[in-house]
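Novice: Sharing a structure below in structure tokens format, with a few things to ask.
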Amino acid sequence: MTFIHDLIKIRFVEEGYLQNYPPHLISDEEMCDAFIRYPEDPTKTSDELWAIFIADTTPMWFKDNYPLLAPELSEIYRDLVNNIMYHINQFKASLSDVRILPDWIYSYMLNSVISVNSDIIDIHDLLVMLGVDNIDDIFTPAAQIECYLVSREWLARIPNITIKHRSPTIFGEPHVLKSLRLSELNMLGDYWGEQVAKDRDAARKQLMEELHEQLDNNEEG
């Protein structure tokens, strides 16, 4: 996987997240740290470490390009970050001569996942398919909620054994786009298309109820 790592390192150098060295002089560990850094301190609780991560304003590829826009999705975003860090830590600890990360993490590293800094045409197309288009073609909190619903629905069909440490996203990952395009083209027939729409509406209603309940509990606490 040296080639894809070189591409990532070159991108990170061009964007200012790594020093301007040739890819072969940049370690894979440095590449991972430029992508995402999570605090490690055995004296602090997981909630305290999460607060430190969120408050960190130093340049970090993942946080800069894939920020949390909807506060009510904080726990979902946290699960995503935790799963990414699991694979990053496994990657760093590996003694194999050929170390690889899951393709879905590479998609974030290569900026193939649609979010706030993506090409405006890609953002527009995603927003239209999600049903949350806006005049400025801005990736919004509403878009994150809809991406999550589509992602959760898609990943739920995959056996757990094949997607360990993989949580639904709140961004435009490739599987979100694939699901939306299949629904848009109605590739699986009228009944399936109608059923998907009904299931997504029900999931949206349930999610919003859960989020409102969570906010109420937080306020009471």
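Novice: Among the numbered criteria (1) under 18 Å from Ile84 (Cα atoms); (2) at pLDDT below 65, which single criterion is violated by Ser167?
Specialist: Every listed condition holds for Ser167 apart from (2).
Residues checked against (1) small (Gly, Ala, Ser); (2) exposed (fewer than 15 other Cβ atoms within 10 Å of the Cβ):
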site: Pro23; (1), (2): no, no
site: Glu29; (1), (2): no, yes
site: Ala34; (1), (2): yes, no
site: Met60; (1), (2): no, no
site: Ile76; (1), (2): no, no
site: Asn83; (1), (2): no, no
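One line per residue, one yes/no per condition, for (1) touching a helix residue (DSSP H, G or I) at 6+ places or on another chain (Cβ under 7 Å); (2) of a type in the set (S, T, N, Q):
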position: Ile88; (1), (2): yes, no
position: Leu101; (1), (2): yes, no
position: Ile105; (1), (2): yes, no
position: Val113; (1), (2): yes, no
position: Asn117; (1), (2): yes, yes
position: Ile120; (1), (2): no, no
position: His124; (1), (2): no, no
position: Val128; (1), (2): no, no
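Novice: Now, a different point. Looking at Ala197, Ala143, Ala202, which one is modelled with pLDDT of 95 or more, among the small types (Gly, Ala, Ser) and assigned to a helix (DSSP H, G or I)? Give the steps one after another, and end with the answer.
Specialist: Details: Ala197 fails: modelled with pLDDT of 95 or more; Ala202 fails: modelled with pLDDT of 95 or more.
The match here is Ala143.
Novice: Six or more apart or on different chains, Cβ under 8 Å: which pairs go from a residue in region 45-65 that's farther than 18 Å from Ser118 by Cα and free of Cβ contacts under 8 Å to residues at least 40 places away in the same chain to one that's of a type in the set (Phe, Trp, Tyr) and surrounded by 15 or more Cβ atoms within 10 Å (Cβ to Cβ)? Could you list them?
Specialist: Correct list of pairs: Leu49/Tyr38; Phe53/Tyr38.
Novice: Still on this model: With the requirement that a residue be outside any helix (DSSP H, G or I) and surrounded by 13 or more Cβ atoms within 10 Å (Cβ to Cβ), what does region 40-52 give you?
Specialist: If we filter region 40-52 for residues that are outside any helix (DSSP H, G or I), which is where we start, we get 40-45.
Result: Lys44, single match.
Novice: With region 68-130 as the region, which helices (runs of 4 or more DSSP H) entirely inside it contain at least 1 residues that are farther than 20 Å from His175 by Cα and at pLDDT below 95? Spell out how you get there, then give the answer.
Specialist: Details: elements: 74-93, 103-109, 120-130.
Result: 74-93.
Novice: Which residue pairs have Cβ atoms under 8 Å apart, sit 6 or more places apart or on different chains, and have a first residue in region 72-94 that is over 15 Å from Asp28 (Cα atoms) and a second that is of a type in the set (Ser, Thr, Tyr) and not in a helix (DSSP H, G or I)?
Specialist: Ile76/Ser167; Asp79/Ser167; Leu80/Ser167; Leu80/Thr169; Val81/Tyr38; Asn82/Ser167; Asn83/Ser167
Novice: Consider region 143-161. How many of its residues are farther than 19 Å from Asp133 by Cβ and aliphatic (A, V, I, L, M)?
Specialist: So the answer is 4.
Novice: Kindly provide the set of residues from region 146-170 that are outside any helix (DSSP H, G or I) and surrounded by 18 or more Cβ atoms within 10 Å (Cβ to Cβ), ordered by number.
Specialist: Looking only at region 146-170, we keep the residues that are outside any helix (DSSP H, G or I), and these are 156-159, 163-170.
Within region 146-170, Arg166, Ser167, Pro168, Thr169, Ile170 qualify.
The values are calculated or read from the model by the stated rules, or taken from the named source; none is laboratory data. All values reported here derive from a predicted model rather than from experimental measurement. For neighbour counting, all protein chains shown are included, and Cβ atoms are generated from backbone atoms with ideal geometry for every residue, glycine included.
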